[in-house]
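Asks: Dropping a structure here in C-alpha cells format, bear with me for questions.
Just so it is clear, none of the values below were taken in a lab; they were calculated from the coordinates. Given the structure is predicted, the values throughout are model-derived calculations rather than measurements. Heads up, the Cβs are rebuilt from the backbone with ideal geometry, glycines too, and the neighbour counts pull from every protein chain shown.
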Amino acid sequence: MAEAAPEGATVEQALAVLDSYHRQIEALSRQVQFLQAVHEETRRAREALEGLRQEKSNEVLVPVGANTFIHAQATRKDKALTGIGAGLSVEKPWADVEKRLTEREAEVRAELERLSQAGMRLQDEAAALEEEIQAAMPQGGRA
C-alpha cells in the first residue's frame, strides 16, 4: 500500500499520493469483481455436482452455449473430471471433487474478505489525506 504524504510535503506531492490510493482502490475493485465471478462459478459447480449426485435419473441437460442445451446421460456418478491448472484435467472420485470445490469456495471467500478489508483501509487513508489536502489549500481553491 502507498504511504501517506510525509509531513511538510507539498500539496502536489499529497495529490500524487492520493492519486496512487485511487489507482490501488480501482485495482482492488477489479480483483474483487474477478473473485466474485470465480466464487459464483465454483458455487454453481459444487451445487450442480451435489444435485446430480442426489438425482435418481441419470439424464442431464448440457449447456452448449447461446442458451442452448442438449440431453445427455451421466453414466458415472463415482468419478468426475476436474481441472488441475495449465489446461489439464484429471479424473478424481466424485467426493474428492466436491470436497475440493467446497475448499476452493472457502478460499475465495476468505480472499474476498481480505481484499474488501484492504480496500476499506485504503479508502479511509484516502479520505484522511483528502481532508489534509483541503486543510492545506487556500480557501475556495484547488491545487
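Asks: Over every pair of different alpha-carbon atoms in region 66-139, take the mean of 1/r and invert it; report that Kirkwood radius in Å.
Replies: Evaluated over region 66-139, this radius sits at 17.3 Å.
Asks: Farthest toward the dipole's positive end in the chain, which of 89, 36, 74, given Cβ charges of +1 (Lys, Arg) and -1 (Asp, Glu) about the Cα centre?
Replies: 74
Asks: Now a separate question. Evaluate the charge dipole of the chain about its Cα centre and quote only its size in Debye, nearest 20, assuming +1 on the Cβ of each Lys and Arg and -1 on the Cβ of each Asp and Glu.
Replies: 980 debye
Asks: Would you order 28, 101, 112 from fewest to most other beta-carbon atoms within 10 Å of each residue's own beta-carbon?
Replies: Placing the least packed residue first, the sequence is 112, 28, 101.
Asks: Determine the relative contact order of region 11-136: mean sequence separation of Cα pairs under 8 Å and six or more apart, normalised by residue count, in whole percent.
Replies: 36 percent
Asks: Please give every one of the aspartates and glutamates within straight-line cross-link reach of residue 92, meaning a C-alpha to C-alpha distance under 17 Å, and leave out same-chain neighbours fewer than 8 residues apart.
Replies: Residue 92 reaches 50, 78, 103.
Asks: Would you kindly state the longest site-free stretch of the chain, with sites defined as trypsin sites (Lys or Arg not before Pro) in a DSSP loop (not H, G, I, E, B) surrounded by at most 13 other Cβ atoms within 10 Å?
Replies: Longest gap between qualifying sites, sites excluded: 78-141.
Asks: To the nearest 10 degrees, how steep is helix 11-54 against the longest Cα principal axis of the chain, on a 0 to 90 scale?
Replies: The angle comes out at about 10 degrees.
Asks: Can I ask one more? In the calculated pair distance distribution of region 11-136, what percentage of Cα-Cα distances lie above 18 Å?
Replies: 68 percent
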